[in-house]
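Step one of this worksheet: look at the structure below.
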Amino acid sequence: MLTHPTPVATATDQLPQVTHPRNPGMALDLDWVASVQANTSAIERRCAALPGRRSVKKDWQAAWLLKAITLIDLTTLSGDDTEGRVKRLCAKARQPVRADLLDDLGMSGLTTGAVCVYHDMVASAVQALEGTNIPVAAVSTGFPAGLSPFKLRIAEIGESVRAGAAEIDIVISRRHVLTQNWQALYDETVEMRAACGDAHMKTILATGELGTLRNVARASLVCMMAGADFIKTSTGKEGVNATLPVSVVMIRAIRDYLDRTGIKIGYKPAGGIGKATDALVYLSLMKDELGPPWLQPDLFRFGASSLLGDIERQLEHHLTGRYSAANRHPMG
Amino acid sequence: MTIRDIFNEMSYGPAPESSAEAQDWLTQHGNRFGHWIDGAFTKPGETFATSNPSTGKPLADVTQGTVKDIDTAIAAARRAQPKWARLSGHQRAKHLYALARLVQKHSRLLAVMETMDNGKPIRESRDIDIPLVARHFYYHAGLAQLLTSELPGTAPLGVCGAIIPWNFPLLMLAWKVAPALAAGNTVILKPAEYTPLTALLFAELSREAGLPKGVLNIVTGDGATGEALVNRAGINKIAFTGSTQVGRKIREATAGTGKSLTLELGGKSPYIVFDDADLDSAIEGLVDAIWFNQGQVCCAGSRLLVQEGVADRFHAKLKRRMDGLRIGDPLDKCIDVGAVVDPVQLASITRMVDANRDGEIYHAATPLPAGCFYPPTLITGLSAASTLMQEEIFGPVLVSMTFRTPDEAVQLANNTRYGLAATVWTENINLALDIAPKLKAGVVWINATNLFDAAAAFGGVRESGFGREGGWEGLMAYLKPATTPKPLRPIPAIPAPNAPEIPDLDRTAKLYIGGKQARPDGGYSKPVWSAKGKLLGHVGIGNRKDIRNAVEAAHAAKGWAKATGHARAQTLYYIAENLSARASEFSARLRDLTGRSGEAEVEATISRLFTYAAWADKYDGQAKSVPIRGVALAINEPCGVIGAIAPDDAPLLGLISVMAPAIAMGNTCVLVPSEAFPLAATDFYQVLDTSDLPGGVVNIVTGSHAELAKTLAGHMDIDAVWSFSSSDISAQIERDSAANIKRCWVNRAHARDWSGAEGEGREFLRQSTEVKTVWIPYGE
C-alpha cells in the first residue's frame, strides 16, 4: 500500500528564478520509450570531438567560468558531515570566489546555484543560507541505493521539504530499469513527485549502474513523463558518474521531450566534473544542443564539490596572468 | 564588452589559432617558392598567387611548372630510383618512420598552414588531417619493413607521378607518397593549384628525415603542369585523385603508354537512415559527412536517403542541428564550417543550387560571414531524376529523398554513375550486414561516416575510379612482378590452303549466349583450317550486337555472385570432370588447330579448373586492424561483369585461365576466345552445358579481337575488361574504357606463360575482385 502524503507548501522565494512552467508530466507512453535508440559508438565519437569543436578564450572564458559557478550545486554528502562542516560549505556558497577577485571581474554578489546535503543537514543549511536566494537541495529516497522501504522513501521527501529543502534529489530504483519495468519506474516517480509538492524534483538515474546508454535514454524519458523537473546522472557514489556520452543521451531525451510536450526539463550532471575545462565543455554542449535557457540555474546544474576550486584558480590566473595555488583561495 | 555582459549573453568569443609561425615560414622564403626538385628548392619561375580563401589575401607566389620543370624532376627521380629501391626494406622504413615523426613534431605548423591555404577549420586540420598523415607514414614504414618477406617476387614500378586535389592537400600527399616510397619508387607530386603550400613545407621537412635527393619531388602548377606530368615519358605510374572528368582524360592520355594508373574520383555517396536508427547520432554523422571540410569531400555522404516514416522528424532535427553550425574564420577554434577553397568553387556551388527548381531549399539559419563562404544547405523532396540528386556538388549541400523498404533503399543508393562510399544507419545488425554487400561502393560505413585509416583500403567502383589506397591492397598498386616480360608476337589464323580437305559432315560452331547456342547476329562466318589444310569447321563472326546480347545475359545471371563459394567450387570441379571425360577429343581438336600435341594443354586446363575451384571458397577477406573499437572488414567482392579477350596462343588453357578465376570469384563474363584457334572454345560450351553452370554466367562470342574489344571496352555496363590477345589492342582498350572508367587488365603485347606459375594465382584473383571496406564500429 503506497502512502500519499499531502503536498507541503514551501517558501517559493527560495526557489531559483523560475521562468518556465513546471513539468506536469504525462501518461506513460511505452511505444515512445521502446522506440528510443542510443548508438554507443556514435555517441562516443560525438563526445570525443566535442572539446575540439568549441573553445572560449580570455574574457569569454572568465565569464563562462563565472557562469559555471552560478550553476554549481555545492555538495557535501559524507557520513562525517556535521553542522560545522555544512555551515562552512554554505559560507562558500555565499561567497564562492575571493571578494577582491570578484570585484576585479566586476561580478560581485555571485553565489553558487544551490547547496546539496543529506536530510539531516537541511535545517542547518537553510539557516546558514538565510538572507540569500540560494536554495537547499536534499538528496532523498534512501540515497544513494534507493533500496529502503518505499513508504519510508516517500516519507523522507516530506521530511526534507518540511525541513526547508526547496529541491529534492531522488534516486530511482535501478532494478526497474534493468528489468525494463517502465511502469514500475513511472509509478514510483509519479508518487515521489507528488510528495515533493512545490519543491523541485531532480531524478537521479545512477547512470553508472544502468548498463547501457539505451537504458539511460529510456529511463530519462520515463522520469520526465512521471514529472521530473530535472534529470540527473549520478549520486556521485557509483563507480562511474557523469560522463559526456551519458550527458549527450540525456540531453537528447530532454530535447525530444521538449519537442513532444513543449516542457523544458533541467539537466544535472553530477560527479566526476572537477576541472574548469570540463565545465566549459558541458556549457557549450548545453548551449549548442539545447540552447541558452539551459545555461541558467533553473535548467542546468553541476553536482560538484571540487570544481569550484579549479575555477577559482583559473579566475585568478585570468586576472594576474600567473598560475594560482589552492592555498590562495578559502576552503569550502 | 564587460565580463558581466558576456556572462549575461553567454556568447562564444573569438578563439583564434595563431598564424605567426606559418607566416614566419612563408616570410623566410620571401613568400615566393620554386619547385622542390632533387632535394632543394629551384629558383622561382613564372609564378601565380595562392591565397587564403577566408580572407582573399595572397599567401605566397608559387611557380607554374613547365614541361621543362617536369623533365628536370623526372630526371632527378629516375636518378634516385635505383638506389632507393636497392635500400633494404628496413632502411626505407626508417625514412618513413622519420617522416611520420616529423609530421607529428611539426603538427601545428602543418595544420595552420593547411587551414590558411585551404580554408578548412583548424579543428579538422589539427584533429583529423594531420594525425591521419602521421598515421599513414607510420603504417607504411611498417609495410616497407615487411615488404621483402611478405611480398616476395615483387619490384617497384619506378617513378610515380602523383596529382592530388585541394580538399585534403597534405593527406592526399601522404596517401600517394607513403606507399610509393615504401615500395621503392620515387615520386613527382603535383599539388593542387589552390593548395600547394603544405606540400612544399613537407618537402622541406623531408630533408630532416634524411630522404635522399630526388626521391621526393614537388612540382607546383595548374592543370597544364599536371597534363605534362601525365604525358611525359619516364613516368611509370600515375596516381590521381580528383574529378571524374579529369580522371577520364588521364585514362585516355595514359592509354597504351604502359603507365600504371589508379584513379580516385568523384562520388555522390548515399547516406541511408532506416527508421530504427539512432536519429540524433545519424544527424551528427551527417555533420561529419557533408559539413566536414565544407562538403568538399569526394566521399561526402551527400545524398540522404531516409525512411519515409521518420523523414519529417529527421529533417526537422537536421535543420535545427544545421542552425547550430558556426561558420567563419577557419583559424578560429570554435568554428564548424570554414571557407570554400576558392571563389571559383563558390560560384560553382552557387550556380548548381540556384539552377535547382525541385524540392525545398533550406539554408542554415546561422550567421554567414562575407567572402568565400556558403551556408550549410539541405534540399528535401527531390526525386531520383533531379539533377542535384545525380551530380556531385562538392560543397556543403545535402540533397534528400525518402524510401520505403530496404530493397528500395539499395536501388536508390545504387542509382548513380558513381560508387565511392555509402553510409548505413540502423540498430539492426541483420539489416546493416545485409545492405552493406549490396551497395555499389568501395567503402561502407555502418552507423558512422568518413572514418579513414591507413590500414583500411579506400577507393571506388564505377566512375568513382579504380585502385585502392591504404592497406596491403594499396601497396600492390605500387608494385609489379619482378620478372621481365617477353614480347608477344601476333598469332595469325592458319590461311586457307591451296588444296583444302573438306570433311564429310559440315560442323557449325555457334556463339554461346545466356546458356544457349546462338547464331551470330551479323550472319557472317569464316572457315577455320587445320595446320594440314583440313577445314575444321566454320566459326561465327560476332559483332557489337552479339556483345550487347552477351552482356545482357551476363547481367541476368548475376545471381551467381550470391552462390556460395562452395557451390561455385562444385561447379568448377564438375566442369573439370566433364572436360576430363572428353580429354582425348579436346586433345585432338587442339592438335588439329595448332598442329601441336594437345594432351598437355588439356591436362593443364583441368588442373587450372581445380585451382580456381580450390580458390572459390578460400580467397578470404580480412578484418583490418583499425584504431577504433570495431572492425573494418575488407571483403573481396566480384567486380560484376568482366569482358575478357582470351589469349591466342593457348586456345583452351588460355580461355579457362581467364574464365575460371572470374567465375570462381562470382563474376559473370563475356569471353572472346582465341581469334586464330577459336574452335576449342566453341567445343567447350558443350562442356559448360553439361556442368550445371547457370546460363549467362559464361558467354562466348567468337570474332575479331580488335572489333569486339572496342565494344567491350566502351560498353557502359561492363565493370572490367581484360585482354591477352596477341593483336595489339591494349591501347585501344585502355582508351575506350574511359567511357565508364572500368578497370582494365591488358597485356601490352607481353607474353605470359599460361602453363607456368604466371598463368594462375593471386594476380588473377585480385583482378577478379573489388575490395570493399565495411566499417563496423560496435559497443553497447
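Would you call B:Phe373 under 24 Å from B:Trp166 (Cα atoms) and away from every other protein chain (no Cβ under 14 Å)?
For B:Phe373, the condition - under 24 Å from B:Trp166 (Cα atoms) and away from every other protein chain (no Cβ under 14 Å) - is met.
Out of all the residues in region A:291-312, which are farther than 17 Å from A:Val56 by Cβ and more than 10 Å from chain B (Cβ to nearest Cβ)?
A:Pro293, A:Pro297, A:Asp298, A:Leu299, A:Arg301, A:Gly303, A:Ala304, A:Ser305, A:Ser306, A:Leu308, A:Gly309, A:Glu312
Please work out which one of (1) in contact with a Leu (Cβ under 8 Å, 6 or more places away or on another chain); (2) within 30 Å of B:Pro495 (Cβ to Cβ) is the condition B:Gly595 fails and give its number.
Failed condition: (1).
With respect to B:Met665, is the statement that it is hydrophobic (A, V, I, L, M, F, W, C), out of contact with any helix residue (DSSP H, G or I) (no Cβ under 6 Å at 6 or more places or on another chain), crowded, with 23+ Cβ neighbours inside 10 Å and more than 30 Å from A:Ala42 (Cβ to Cβ) true?
no
I'd like the residue in region B:269-307 that is within 14 Å of chain A (Cβ to nearest Cβ), part of a strand (DSSP E or B) and within 21 Å of the chain's Cα centre (by Cα) and, out of all such residues, is farthest from B:Ala384 (Cα to Cα).
Looking at residues that are within 14 Å of chain A (Cβ to nearest Cβ), part of a strand (DSSP E or B) and within 21 Å of the chain's Cα centre (by Cα), I get B:Gly301.
Of all residues in region B:14-45, which are outside any loop (DSSP other than H, G, I, E, B), under 27 Å from B:Leu331 (Cβ atoms) and in contact (Cβ under 8 Å) with a residue 40 or more places away in the chain?
Initially, region B:14-45 is screened for residues outside any loop (DSSP other than H, G, I, E, B), giving B:16, B:20-28, B:32-33, B:36-37, B:40-41.
Of the ones still in play, those that are also under 27 Å from B:Leu331 (Cβ atoms) are B:16, B:20-28, B:32-33, B:36, B:41.
Hits for region B:14-45 are B:Pro16, B:Glu21, B:Ala22, B:Trp25, B:Leu26, B:Phe33, B:Trp36, B:Phe41.
Quick one: in region A:102-125, of everything that is surrounded by fewer than 24 Cβ atoms within 10 Å (Cβ to Cβ) and away from chain B (no Cβ under 14 Å), which residue is farthest from A:Ala163 (Cα to Cα)?
Looking at residues that are surrounded by fewer than 24 Cβ atoms within 10 Å (Cβ to Cβ) and away from chain B (no Cβ under 14 Å), I get A:Tyr118.
Output the helices (runs of 4 or more DSSP H) that fall wholly within region B:684-780 and possess 1 or more residues being of a type in the set (Asp, Glu) and buried (at least 19 other Cβ atoms within 10 Å of the Cβ), or say none.
Output list reads B:730-736.
So for region B:7-15 (the condition being acidic (Asp, Glu), buried (at least 18 other Cβ atoms within 10 Å of the Cβ) and either within 14 Å of chain A (Cβ to nearest Cβ) or within 30 Å of B:Ala182 (Cβ to Cβ) (or both)), does at least one residue qualify? Working first, answer last.
Applying the first criterion (acidic (Asp, Glu)) to region B:7-15 yields B:9.
From what's left, buried (at least 18 other Cβ atoms within 10 Å of the Cβ): none.
Scanning region B:7-15, I find no residue that is acidic (Asp, Glu), buried (at least 18 other Cβ atoms within 10 Å of the Cβ) and either within 14 Å of chain A (Cβ to nearest Cβ) or within 30 Å of B:Ala182 (Cβ to Cβ) (or both), so the answer is no.
Check region B:301-309 and report whether any residue there is surrounded by fewer than 22 Cβ atoms within 10 Å (Cβ to Cβ), farther than 23 Å from B:Val424 by Cβ and either among the acidic types (Asp, Glu) or modelled with pLDDT of 95 or more (or both). Even if it seems obvious, please write down each step before you answer.
First, pick out the residues of region B:301-309 that are surrounded by fewer than 22 Cβ atoms within 10 Å (Cβ to Cβ): B:308-309.
Still in the running and farther than 23 Å from B:Val424 by Cβ: none.
No, there is no match, as no residue in region B:301-309 is surrounded by fewer than 22 Cβ atoms within 10 Å (Cβ to Cβ), farther than 23 Å from B:Val424 by Cβ and either among the acidic types (Asp, Glu) or modelled with pLDDT of 95 or more (or both).
Search region B:594-645 for residues being of a type in the set (Phe, Trp, Tyr) and assigned to a helix (DSSP H, G or I), and hand back the single one that is surrounded by the fewest Cβ atoms within 10 Å (Cβ to Cβ).
Among those residues, the one meeting the criterion is B:Phe610.
Can you pull out every residue in region A:32-90 that is within 18 Å of B:Leu279 (Cα to Cα), more than 7 Å from every other protein chain (Cβ to nearest Cβ) and of a type in the set (Val, Ile, Thr)?
Scanning region A:32-90 gives A:Val33, A:Val36.
Among B:Lys545, B:Lys532, B:Lys510, which is the only one that is charged (D, E, K, R), modelled with pLDDT of 95 or more and over 28 Å from B:Ala613 (Cβ atoms)?
Only one candidate qualifies: B:Lys545.
If only one of B:Ile718, B:Ile776, B:Ile729 is within 14 Å of another protein chain (Cβ to nearest Cβ) and within 26 Å of the chain's Cα centre (by Cα), which one is it? Working first, answer last.
Details: B:Ile718 fails: within 14 Å of another protein chain (Cβ to nearest Cβ); B:Ile729 fails: within 14 Å of another protein chain (Cβ to nearest Cβ).
Residue meeting the stated conditions: B:Ile776.
Which members of region B:585-640 meet the condition of being within 14 Å of chain A (Cβ to nearest Cβ) and of a type in the set (A, V, I, L, M, F, W, C)?
Matches in region B:585-640: B:Val626, B:Ile628, B:Val631, B:Ala632.
If a residue has to be within 10 Å of another protein chain (Cβ to nearest Cβ) and crowded, with 22+ Cβ neighbours inside 10 Å to count, how many in region A:269-290 make the cut?
2
Is there a residue being over 37 Å from the mean Cα position of the chain (by Cα) and surrounded by fewer than 12 Cβ atoms within 10 Å (Cβ to Cβ) anywhere in region B:509-522?
No, region B:509-522 has no match at all.
Out of (1) part of a strand (DSSP E or B); (2) within 14 Å of another protein chain (Cβ to nearest Cβ); (3) not acidic (Asp, Glu), what's the single condition that is false for B:Phe48?
Unmet for B:Phe48, out of (1) part of a strand (DSSP E or B); (2) within 14 Å of another protein chain (Cβ to nearest Cβ); (3) not acidic (Asp, Glu): (2).
Any idea which of (1) within 26 Å of B:His705 (Cα to Cα); (2) without any contact (Cβ under 8 Å) to a residue 60 or more places away in the chain; (3) out of contact with any helix residue (DSSP H, G or I) (no Cβ under 6 Å at 6 or more places or on another chain) is the one B:Gly598 doesn't satisfy?
All conditions are met except number (3).
Regarding region A:213-232, can at least one residue be identified that is buried (at least 20 other Cβ atoms within 10 Å of the Cβ) and polar (S, T, N, Q)?
Yes, region A:213-232 has at least one match.
Looking at region B:547-598, which of the residues that are under 32 Å from the mean Cα position of the chain (by Cα) and of a type in the set (S, T, N, Q) is farthest from B:Asp620 (Cα to Cα)?
The residue in question is B:Asn549.
With the requirement that a residue be out of contact with any Pro (no Cβ under 9 Å at 6 or more places or on another chain) and charged (D, E, K, R), what does region B:629-651 give you?
Scanning region B:629-651 gives a single hit, B:Asp649.
Look at A:Ile254 and say whether it is within 26 Å of A:Arg193 (Cα to Cα), within 12 Å of the chain's Cα centre (by Cα) and not in a loop (DSSP other than H, G, I, E, B).
no
Please tell me if A:Pro297 is modelled with pLDDT of 95 or more, crowded, with 19+ Cβ neighbours inside 10 Å and over 24 Å from A:Trp32 (Cβ atoms).
Yes, satisfied.
Could you look through region B:497-534, keep only residues that are in a loop (DSSP other than H, G, I, E, B) and among the polar types (S, T, N, Q), and pick out the one that is farthest from B:Ser727 (Cα to Cα)?
B:Asn498
Which residue is surrounded by the fewest Cβ atoms within 10 Å (Cβ to Cβ), if the candidates are limited to region A:79-101 and must be over 18 Å from A:Thr132 (Cα atoms) and not acidic (Asp, Glu)?
Checked region A:79-101; the qualifying residue surrounded by the fewest Cβ atoms within 10 Å (Cβ to Cβ) is A:Gly79.
Condition check ((1) surrounded by 20 or more Cβ atoms within 10 Å (Cβ to Cβ); (2) assigned to a loop (DSSP other than H, G, I, E, B)) across all residues:
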position: B:Ala228; (1), (2): yes, no
position: B:Gly234; (1), (2): no, yes
position: B:Ala239; (1), (2): yes, no
position: B:Gln245; (1), (2): no, no
position: B:Gly256; (1), (2): no, yes
position: B:Leu261; (1), (2): yes, no
position: B:Gly267; (1), (2): yes, yes
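The values are calculated or read from the model by the stated rules, or taken from the named source; none is laboratory data. The shown structure was predicted, so the numbers you read here are calculated from the model rather than taken from an experiment. Here Cβ is always computed from backbone atoms with ideal geometry, including for glycine, and neighbour counts include all displayed protein chains.
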